[in-house]
Amino acid sequence: MVHSEIYDKILHEKIHVNQMRTLYDLVLNPGGTKIRAAFYNALEHHQPLLMESLGQLKKPCNVKHVSSCEANHGSKLINLLTCGTDSLDHYDDFVVVVNKSTQEQIQYLQFLCKLKLFCVLEFDPNSATLGGLCHSYRESRWANLHMPSQFVGQTDVMKKLNLDKQTSWVFCNGRNDLGDIELDYKNWLRKSCGDVEQLVSFICQPEVLRHRKHLVIFLLLSPVRNEKDPMLDIYMAFIKHTAEENIISICESRSTYEQWSRLIKKKSESDISIHSVYELTLSEVNGTILALGPFNQSSERLLPSSDSSFVVLKQKDEDLMPALDILCLNQCENVYNDESSQTFQEFKIKVEEEFFRGGKVKWWNFYLCEKSKPFIRRDKFEKLKNIITCQEKKSTCMLINLFHHPGCGGTTLAMHILWYLRQQFRCAVLKDNTLPKREVADQVRKLMRLESEKPTKVLLLVDDEETESVRDLVNCIQKCAVEDGLRRNMDDTPKSNVIILNCVRSHSPEVNYRQHNTAECQWITKSLTPKEQHDFEEKLKELKQYHEKPENFYSFMIMMSNFDKEYIKGVVHYTLNVDITTQQARLFGFIALLNTYVDGSKISVSLSEDFLGIKSVHWSRPEDNDNVFKRMEPFSNLLIKDERGGYKGIRIVHKSMASACLEVLEKRPNKNVGDIAYDMLCCDLFFETGVVKDALMKSIRRMLIERPCKKDSDERETFSPLINKIHEEQGRQTVEELFEKASSQFVGIPSIPQALARYLYIKEGDFPKALAWAENAKKIKETPYTVDTIAQVYKSELTSHIKTEEKHRTFNPEDLDRNIKISHEAINAFERAQELADTQYKQNKPEENTTEEDTGDRRSDSSYNVYGYVGVVEVIFQVFQILRRLPLFDENDLMRKRKRYLQRFLKGKLPISNVDMESNAINNRYIDIIKEHEQFLLGKT
């Protein structure tokens, strides 16, 4: 397009927002003076919506200097921010360091609202007050306000300050609105510099930002005139911890850049020219960045309201609900100006390929299907929709469970329901199941009340949450309703304000369905009905028209084949017919193991890079982003990138494919499941502290200790499926070695030695060794569960002795002495466990105090724990059983006199020495032993 044509299009309002990338590139090229003038004229006089989109609230300042701009600085800024992609999505996070600004400058800093800001480090103490940059940012986006001293430690800080979910705005030299005055350089260096440097060190920790592509932007809105400026110290701190190519500078003028560049070169001998932008006005910087992708909806995001009207979902409100992925009724609309363009068609093909290969379904999948052929509607769709829409239950919150086989499309069905009902409900998906339930309930309440006097019904999807745990969320939402006075509104409406659609993976979904209220749940299996089978076959025909190799859409093909084992085996055998001794094969084996035994598990891309020896390069070309997949050939066709859970990971495309891969690997030498698991535990790389490694460690821990429910029962299995398999196929030694190695890697986590103790006393009857491991777990953390394990060891040992004595009909005084001592220890332990449980319950913080690390289970613990009481009663009955067999209290006494002796003795009415019996050495020894333990037997100790 020639300049004259562009000039004409601008003046006649034919330039659309989404064409701004090309326009800006031309504006900043030689010969663009006339276009620039027309562009600014159009902004001011002809296109107010475009002006608003670009943040141009009035005519840009310094327009007269535009013609002196370097020809390539517009493109240079784009390349620095996007790495040549024209989209800000290349980087996962941005860190901005900014000095003092003026109010005139702030109006051109709206681009900060578009960046995915991890944190902002600012040196203006007035920024949080009216007219300040932070105040301006928080008018449209949310940021938590922090001081450098709050960044102490590692993973706890991430959680405490909510760093992985919301932007942190850090005041690095005072905050006047809190009375924290700005310091001169000398005092700042002495009092604050250390904290800020520690903050920089924390940000650059491998597990804070290194696992995500990030860019540090030094935004100089005022000059840095000499070395006595904190901005220079912070720059030096950053280059100690991160590569210089990950740092760019944007300066408000050439003179500011020249001073800045000279100081850095003098201090570090670094040339920052290729990573600096200084020949653009702030208005041009602002407009250029706002014109970059990813493109947001040009129209407002809308939510339904209780009176059949609609409200706008503001970005700031969405920031304040980070736990929820909110589905708007106009989701995906008006993102692309021309949906017939090649760009959109390429995007469509990519989205479809990701989903049909095995990626998580996205809202885009439903939107795109609406534009062509409908999304495949499962037969249970109508039944589930009717349960949600036709329920008449008067309750603040209603729970609907969808039980489904893993990998059969249960979550996809649930999201399809949300998409269909988005005009009737305010729909959202819970992003993180580990968040405190009260926090989630507060955000659900905010969504329900947003921009509306009356509460609007909310439909919340919770994925893979056990029914016990999700009931805690129901209770929290109901408590919020009481506090908020929502129960007054229930008189006016017969339906629930909140409906939770809970997707529960199950190996027996139909059984789970029958065990619950069938009016409030549904189930789906991996078996397709004839109609569903036909729909899948028709979809395959459609896919063949647009995709080169739809036969490689393994997740789709598995579903269409009705989980045909021969099809899965064929694909797996073809792929794994290679050398499996390589580092790539080791990693693939680890992924197959995790994906088989832990639903939703993955290994992060950064950890995979480290394991394979790939140097992580953040300043890389877009085509180099899939280095892991290239290195993982020939296994890559079975792998897919998964970006759920806050970080990017890789997994096998389908759970059934992972299980088949593991079966094939097991047939190779030294590739038993136990060997693969032990090899994984020996990789120290996986067990260092950090956000990403914590997620992997949690998956490994679940694989070792999580006990699913038995088929056709709510009762749990004795051990995890992995441990059961290794025990059956490889025996005790392998299991012990596995747990011992895990114990050395999971330092400070009691559930591992606790699980080994359970294995030793339940499977092997090795009570001394079991007790030692149980005591070890208690030393790590004394909880009701670790102490209960000690009690269970004693109780099981007592049971074992009783059975042996009954079987061999042997019983002597020494057996009695030993059994009573064991009983005493067991009761003491059960009582201590109950005491801890009571304390925990009274604190009313079960969610914070009890985790799967304590219990070995993914279960809720908001209910009152009575395991200790039950254990005491069970041991007491065992003691009765022991005493009844004594000659002193022979239960076979026909006159029942000796039974009365036992009753009177236990009531404290008959001393043991007064019991009528034959005097002999054995009986006398029995008497002595009972006297020794009399206080315990009478319940006085």
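The values are calculated or read from the model by the stated rules, or taken from the named source; none is laboratory data. A quick note: this is a predicted structure, and the numbers were derived from the prediction, not measured. Neighbour counts run over all protein chains shown; Cβ positions are idealised from the backbone, glycine included. Please note that ligands, DNA and RNA were not included when accessible areas were found on the heavy atoms of the full protein model with its side chains. Shrake-Rupley method; radii C 1.70, N 1.55, O 1.52, S 1.80 Å.
Go through the stretch 687-697 and give me each residue that's surrounded by 18 or more Cβ atoms within 10 Å (Cβ to Cβ) and either assigned to a helix (DSSP H, G or I) or on the phi < 0 side of the Ramachandran plot (or both).
Listed by number, the residues that qualify are Phe687, Val691, Val692, Lys693, Ala695, Leu696, Met697.
Condition (residue is open to solvent by 30 Å² or more (accessible area, probe 1.4 Å) and in contact (Cβ under 8 Å) with a residue 40 or more places away in the chain) applied to the stretch 576-583: is it met by at least one residue? Steps first, answer last, please.
Initially, the stretch 576-583 is screened for residues open to solvent by 30 Å² or more (accessible area, probe 1.4 Å), giving 577-579, 581-583.
With in contact (Cβ under 8 Å) with a residue 40 or more places away in the chain added as a condition, the list becomes 578.
Yes, the stretch 576-583 contains at least one residue that is open to solvent by 30 Å² or more (accessible area, probe 1.4 Å) and in contact (Cβ under 8 Å) with a residue 40 or more places away in the chain.
Conditions (1) under 23 Å from Trp188 (Cβ atoms); (2) assigned to a loop (DSSP other than H, G, I, E, B), marked per residue:
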position: Leu77; (1), (2): no, no
position: Leu112; (1), (2): no, no
position: Pro125; (1), (2): yes, yes
position: Arg141; (1), (2): no, yes
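Within the stretch 823-844, restricting attention to residues that are farther than 17 Å from Tyr926 by Cβ and open to solvent by less than 20 Å² (accessible area, probe 1.4 Å), which residue is modelled with the lowest pLDDT?
Within the stretch 823-844, the match that is modelled with the lowest pLDDT is Ala837.
Return the pair list, or none, for Cβ contacts closer than 6 Å from residues in the stretch 316-333 that are more than 14 Å from Gln423 (Cα to Cα) to residues that are β-branched (Val, Ile, Thr), at least 6 apart or on different chains.
Listed pairs, sorted by first residue: Ala323/Val440; Asp325/Val429.
β-branched (Val, Ile, Thr), under 21 Å from the mean Cα position of the chain (by Cα) and either part of a strand (DSSP E or B) or buried (at least 22 other Cβ atoms within 10 Å of the Cβ) (or both) - does that describe any residue in the stretch 396-405?
No; the residues of the stretch 396-405 include none that is β-branched (Val, Ile, Thr), under 21 Å from the mean Cα position of the chain (by Cα) and either part of a strand (DSSP E or B) or buried (at least 22 other Cβ atoms within 10 Å of the Cβ) (or both).
Please give the number of the condition Glu370 fails out of (1) surrounded by fewer than 14 Cβ atoms within 10 Å (Cβ to Cβ); (2) in contact with a His (Cβ under 7 Å, 6 or more places away or on another chain).
The single condition Glu370 does not satisfy is (2).
What number goes with the only condition from (1) among the β-branched types (Val, Ile, Thr); (2) closer than 18 Å to Val98 by Cα; (3) out of contact with any His (no Cβ under 6 Å at 6 or more places or on another chain) that Val157 does not pass?
Here Val157 clears every test but (2).
Give all pairs with beta carbons closer than 6 Å in which a residue from the stretch 870-881 that is under 16 Å from Ile930 (Cα atoms) meets a residue that is hydroxyl-bearing (Ser, Thr, Tyr) and surrounded by 13 or more Cβ atoms within 10 Å (Cβ to Cβ); count only pairs at least 6 apart in sequence or on separate chains.
What qualifies is Val879/Ser823.
How many residues are modelled with pLDDT under 95 and in contact with a Ser or Thr (Cβ under 7 Å, 6 or more places away or on another chain) if we restrict to the stretch 786-807?
Qualifying residue count, the stretch 786-807: 0.
Of all residues being open to solvent by 10 Å² or more (accessible area, probe 1.4 Å) and of a type in the set (Gly, Ala, Ser) in the stretch 90-134, which is nearest to Leu163 (Cα to Cα)? Just the residue, please.
Selected residue: Ala128.
Which numbered condition trips up Phe563, out of (1) of a type in the set (Phe, Trp, Tyr); (2) under 31 Å from the mean Cα position of the chain (by Cα); (3) more than 16 Å from Gly358 (Cα to Cα); (4) open to solvent by 20 Å² or more (accessible area, probe 1.4 Å)?
(3)
Any idea which residue in the stretch 633-672 is modelled with the lowest pLDDT, counting only those that are part of a helix (DSSP H, G or I) and open to solvent by 60 Å² or more (accessible area, probe 1.4 Å)? Outline the logic, then answer.
Taking the stretch 633-672 as the starting set, the residues that turn out to be part of a helix (DSSP H, G or I) are 636-638, 644-646, 655-666.
Next, only the ones that are open to solvent by 60 Å² or more (accessible area, probe 1.4 Å) stay: 644-645, 663.
Numbers: Arg644: 70, Gly645: 57, Glu663: 93.
Restricting to residues being part of a helix (DSSP H, G or I) and open to solvent by 60 Å² or more (accessible area, probe 1.4 Å), the top hit is Gly645.
Please work out if Ile349 is assigned to a helix (DSSP H, G or I), surrounded by 21 or more Cβ atoms within 10 Å (Cβ to Cβ) and at pLDDT below 95.
No; evaluated as a whole, the condition is false for this residue.
Look at Asp684 and say whether it is in contact with a Ser or Thr (Cβ under 7 Å, 6 or more places away or on another chain) and surrounded by fewer than 20 Cβ atoms within 10 Å (Cβ to Cβ). Steps first, answer last, please.
Numbers: in contact with a Ser or Thr (Cβ under 7 Å, 6 or more places away or on another chain): no; surrounded by fewer than 20 Cβ atoms within 10 Å (Cβ to Cβ): yes.
So Asp684 fails the test.
Tally time: how many residues in the stretch 448-466 are over 21 Å from the mean Cα position of the chain (by Cα), crowded, with 21+ Cβ neighbours inside 10 Å and either of a type in the set (Asp, Glu) or not in a loop (DSSP other than H, G, I, E, B) (or both)?
Final tally of qualifying residues: 2.
Step by step: first the residues of the stretch 890-900, then only those that are outside any loop (DSSP other than H, G, I, E, B) and at pLDDT below 75, then the one that is nearest to Thr799 (Cα to Cα). Which residue is that? Step through it out loud before you land on a result.
So the first thing to find is which residues in the stretch 890-900 are outside any loop (DSSP other than H, G, I, E, B), and the list is 897-900.
From the residues that got through so far, the ones that are at pLDDT below 75 too are 897-899.
Details: Lys897: 28, Arg898: 24, Lys899: 23 Å.
Filtering first and then ranking leaves Lys899.
Which residue, of Asn334, Asn330, is open to solvent by 20 Å² or more (accessible area, probe 1.4 Å), more than 30 Å from Leu638 (Cβ to Cβ) and in a loop (DSSP other than H, G, I, E, B)?
Numbers: Asn330 fails: open to solvent by 20 Å² or more (accessible area, probe 1.4 Å).
Answer to the selection: Asn334.
Would you confirm whether any residue within the stretch 742-752 is part of a loop (DSSP other than H, G, I, E, B), open to solvent by less than 50 Å² (accessible area, probe 1.4 Å) and either in contact with a strand residue (DSSP E or B) (Cβ under 7 Å, 6 or more places away or on another chain) or without any contact (Cβ under 8 Å) to a residue 24 or more places away in the chain (or both)?
no
Run Glu346 past the list (1) without any contact (Cβ under 8 Å) to a residue 40 or more places away in the chain; (2) in contact with a helix residue (DSSP H, G or I) (Cβ under 8 Å, 6 or more places away or on another chain); (3) of a type in the set (Asp, Glu) and report the number of the one that doesn't hold.
Here Glu346 meets the rest and fails (2).
Using the structure shown, decide if Asn176 is surrounded by fewer than 21 Cβ atoms within 10 Å (Cβ to Cβ) and within 30 Å of Pro206 (Cα to Cα).
no
Anything in the stretch 193-233 that is assigned to a strand (DSSP E or B) and more than 13 Å from Val95 (Cα to Cα)? List them, or say none.
Correct list: Leu220 only.
Just name the residue that is least open to solvent (accessible area, probe 1.4 Å) out of those in the stretch 352-367 that are farther than 17 Å from Gly649 by Cα and hydrophobic (A, V, I, L, M, F, W, C).
The selected residue is Phe366.
So, in the stretch 760-777, how many residues would count as being more than 12 Å from Tyr794 (Cα to Cα), out of contact with any Asp or Glu (no Cβ under 7 Å at 6 or more places or on another chain) and surrounded by 22 or more Cβ atoms within 10 Å (Cβ to Cβ)?
Of the residues in the stretch 760-777, 2 are more than 12 Å from Tyr794 (Cα to Cα), out of contact with any Asp or Glu (no Cβ under 7 Å at 6 or more places or on another chain) and surrounded by 22 or more Cβ atoms within 10 Å (Cβ to Cβ).
If I filter the stretch 242-257 down to residues being touching a residue at least 40 places away in the same chain (Cβ under 8 Å) and surrounded by fewer than 18 Cβ atoms within 10 Å (Cβ to Cβ), which single residue comes out as farthest from the chain's Cα centre (by Cα)?
Restricting to residues being touching a residue at least 40 places away in the same chain (Cβ under 8 Å) and surrounded by fewer than 18 Cβ atoms within 10 Å (Cβ to Cβ), the top hit is Glu245.
Mind checking which pairs have a first residue in the stretch 438-450 that is farther than 18 Å from Arg471 by Cβ and a second that is open to solvent by 10 Å² or more (accessible area, probe 1.4 Å) and among the aliphatic types (A, V, I, L, M), Cβ under 7 Å, 6 or more apart or different chains?
Lys446/Leu320; Leu450/Val311
Give the residue, chosen from Lys544, Lys549, that is touching a helix residue (DSSP H, G or I) at 6+ places or on another chain (Cβ under 7 Å), free of Cβ contacts under 8 Å to residues at least 12 places away in the same chain and of a type outside the set (Asp, Glu). Steps first, answer last, please.
On the way: Lys549 fails: touching a helix residue (DSSP H, G or I) at 6+ places or on another chain (Cβ under 7 Å).
Step by step, each of Lys544, Lys549 is checked, and only Lys544 is touching a helix residue (DSSP H, G or I) at 6+ places or on another chain (Cβ under 7 Å), free of Cβ contacts under 8 Å to residues at least 12 places away in the same chain and of a type outside the set (Asp, Glu).
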